[in-house]
Structures are given as C-alpha cells and as structure tokens.
Amino acid sequence: MPEETTTAVARARAVIELNTAYFRAKAMQSAVELGVFELLAEAPATAESVRLALGVKHRLFPEFLDVLCELGLLERDGTGYRNSDLASEFLVPGAPTYLGGTAKQHANMHYHAWGKLTEALREGKATSPVAGLGPAAYPTVYQDLDKARHVMAHMDAHNGFTGDELAREIDWSRYRSFADIGGARGNVAARIALAHPHLTGEVFDLPGLAPLADELLKDLGVADRVKFTGGDFFTQLMPAVDVLILGHVLADWPTESRLDLIDRAYAALPPGGTIVVYDAMIDRADERLDTLLQRINSAIIRDDNSQYSVEDCREWLAAAGFRNERAFRTDTITRDHFVIAVKPN
C-alpha cells in the first residue's frame with residue numbers, strides 16, 4: 001500500500017527528502033566521475049572487482065553501488081552489478097545520448113555555485129568560478145582545449161535533443177542552407193544535416209572551438225556538408241543562408257545586444273529567409289519547476305545572463321522587420337521555446 005502522507009512524520013519526511021535531494025545527485029555524479037558505468041558497460045562485475053578496477057578505497061563502496069541500484073542506475077546481477085537500461089542509454093561514454101558530460105559539469109561548477117545560492121540571493125551576484133569573467137568566460141575557457149572539451153560535452157548532452165527537435169519541427173524542404181550562430185562545436189547543426197541530407201550548414205562561433213568542431217563534424221560524417229567558421233558575431237557579417245538559428249545565445253547578452261544580433265540576422269537573410277530563436281524563455285502561462293530552477297541556475301553562473309519572455313522575443317523580431325510565424329514549447333531537456341519568424345519577400 002502507498003505510504004500514508006497525512007501524518008506528521010510523513011510530512012516531515014517529505015521536507016527531509018527535499019533537504020537531502022543533493023545526496024542523489026552527487027551519487028550519480030560521482031559514479032560518472034569514477035567511471036562506474038563505463039566499466040560495467042564491458043561486463044557485470046562484483047563490488048570488489050569494481051572497487052579494485054577503479055582504485056576506490058572507501059569501505060562503504062558496496063553501499064554506494066547499492067545506492068545506484070536504488071536510483072535505478074544499476075541492477076544486481078547475482079553477486080555483482082550491471083548497468084540498468086537507463087544508465088546504458090545515457091551514462092556510458094560513446095552513447096549517442098550520453099549525459100555524463102553534463103553530470104561532470106554540474107559536479108565541477110554548478111554544484112558549487114548552488115552551494116552559494118544564499119550568498120547570490122543576498123548580494124545579487126553570480127557565484128560560479130567563471131562569474132567574474134563575464135562575457136570573456138567562453139573565450140577564456142576555450143583557450144584550453146581540455147577544458148573546452150568538457151564544456152562541449154556538457155552542451156552536447158543538452159543540445160542533441162534540441163537538434164532533433166529542430167530537424168522535426170521545421171519544414172526543411174523549403175530551404176537549402178542554414179547556419180547555427182553560436183553553435184558551439186556543431187552538434188545541433190550535425191543532427192539537422194543528418195536528418196536532411198539535402199541541406200548544407202555552417203556553424204559560427206569563437207575561433208578557439210575550430211579543432212573540436214572539425215573533429216566532431218568528421219566523426220558524425222557531415223564534414224562535407226557542414227563547415228565551422230570562427231569569428232565574433234557582433235563584428236562580422238552573419239552567413240548568407242536560408243535559415244539562421246540563434247539558440248541559447250540571446251539570453252547571454254543585454255537587450256541592446258540582443259536587438260543588434262536580430263538586426264544582423266535580418267540583414268543577412270534573403271527575402272523569405274527564416275530565423276529560429278530558442279531559449280528557456282519565460283512563459284507566465286506555463287511556468288514549471290524545472291524551468292524556474294534552470295533560470296536560477298543560469299543567473300548564478302554568470303551575471304550577464306538573463307531570461308526573456310516569448311512575447312519579448314516576438315516583439316524584437318517584429319521590430320526588426322520579421323513576420324512572426326510560430327512560437328511553441330518544445331520537448332527538450334530545458335523545455336525550450338522555439339520562436340520562428342520569416343523575412344518578408
């Protein structure tokens with residue numbers, strides 16, 4: 001029978017579960033960092049053999065593996081353990097839907113920023129290790145390819161689902177070319193190109209990402225149709241293509257800069273060209289816990305990050321001369337809204 005939820009102890013337990021929710025997150029993150037799922041992808045193993053293979057010393061390691069079982073990430077296999085289907089799909093390196101990169105990024109940065117949430121709320125300032133860098137955060141990180149690779153793994157964990165949604169939600173038969181502005185190392189562009197072989201694409205982002213983009217586009221088999229261009233989208237012309245995508249870009253800049261980017265996009269597109277903007281936009285009619293928390297998460301990482309509403313985006317596009325076509329919430333990890341508009345003929 002379900003546990004009675006009206007007793008005082010049950011209500012108290014619900015509060016305690018909220019208070020200790022980070023126990024679960026840290027257990028998963030540590031398992032990713034230790035390489036538990038990668039090891040067990042090879043074959044089931046006993047707790048002792050896993051401990052020895054990973055160089056773990058703590059006496060409670062078997063209990064740690066049992067925690068992962070209770071979280072649905074491992075399963076008991078006789079006297080040993082194996083990955084669950086969930087872990088095999090999302091937490092084994094090399095899986096098409098690998099989320100281990102974002103688990104590591106949250107363990108190394110976001111967890112510590114949330115640990116200073118009270119300070120952030122009181123002082124009104126972001127508390128992450130990169131907060132002080134402001135707009136220079138990305139260029140600085142990308143100077144170190146190892147650090148950049150970790151950040152890209154985090155981004156790809158999220159944007160792969162977004163790329164699939166873009167491939168499905170837009171009638172690409174109307175177009176021949178597209179460009180992803182601020183498209184990181186090209187994961188979104190690659191997924192669109194794979195779904196629509198007639199398209200050619202371009203990724204426009206900071207020059208430091210060129211080696212990682214070239215590597216990924218080659219690995220995914222689209223290097224002949226998708227190219228990377230390094231530059232600054234505030235000073236250089238945007239690519240001359242049929243569709244321009246600005247995803248998780250506008251939220252990183254103040255309103256004046258957002259309007260500048262939209263104007264630049266309008267100037268670059270041909271008549272009949274399309275702009276697609278996506279972000280975790282504010283939607284007062286459909287606010288959800290995970291999107292509210294994501295909004296706070298972004299704000300405590302960087303001070304210059306701020307969200308905007310669907311209505312704001314549509315107004316900015318219209319002011320630039322675009323004709324708004326569609327705005328809708330999508331089935332992505334961050335439940336982004338897509339806003340699609342066309343440059344009139």
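The values are calculated or read from the model by the stated rules, or taken from the named source; none is laboratory data. Because the structure is predicted, anything quoted here is derived from the model rather than measured. With ideal geometry, Cβ positions are generated from the backbone for all residues, glycine too; neighbour counts draw on all protein chains shown. Surface accessibility is based on the protein's heavy atoms, side chains included, excluding ligands, DNA and RNA. Shrake-Rupley method; radii C 1.70, N 1.55, O 1.52, S 1.80 Å.
Test of understanding: in a Gaussian network model of the chain with alpha carbons linked when under 10 Å, which of SER49, SER88, SER306 would top the mean-square fluctuation ranking? It is SER49.
Between ALA14, ALA327, ALA167, find the one with the highest GNM mean-square fluctuation for the chain; connect C-alpha pairs within less than 10 Å. Largest GNM mean-square fluctuation: ALA14.
When you restrict to C-alpha pairs under 8 Å that are six or more residues apart and normalise by the size of region 258-322, the relative contact order lands at 47 percent. Against the chain, whose longest principal axis is taken from its Cα atoms, helix 255-268 shows a tilt of about 60°.
Taking every lysine pair in the chain that is 8 or more places apart or spans two chains, those with Cα atoms closer than 18 Å amount to 6. What the Cα atoms of the chain give is an Rg and a Dmax of 22.1, 70 Å. Placing unit charges on each Cβ (+1 for Lys and Arg, -1 for Asp and Glu) gives the chain a dipole about its Cα centre, and among MET238, SER306, ALA167 the Cα reaching farthest toward its positive end belongs to SER306. Can you say what percent of the DSSP beta bridges in the chain, counting only those with both residues inside, are antiparallel? Round to 5. Bridges in the chain that DSSP calls antiparallel: roughly 45 percent.
Provide the per residue accessible area, probe 1.4 Å, for the chain, rounded to a whole number of square angstrom. Can you show the working numbers first?
Details: 17290 Å² over 345 residues.
I get 50 Å² per residue for the chain.
Which order do the peptides 330-341, 186-197, 233-244 take when ranked by the mean count of other beta-carbon atoms within 10 Å per residue, highest first?
Numbers: 330-341: 20.3, 186-197: 22.7, 233-244: 17.2.
Ranking, from highest mean packing down: 186-197, 330-341, 233-244.
Dividing the convex hull volume of the alpha-carbon atoms in region 146-235 by its residue count gives 92 Å³ per residue.
Ignoring ligands, DNA and RNA, please state the percent of accessible area on region 28-75 from carbon and sulfur, probe 1.4 Å. Each step should come with its number before you reach the end.
Numbers: 1440 of 2590 Å².
The C+S portion of the solvent-accessible surface of region 28-75 is 55 percent.
Helix 310-320 versus the longest principal axis of the chain: what is the Cα-based angle in degrees, 0 to 90, to the nearest 10? Value to nearest ten degrees: 20.
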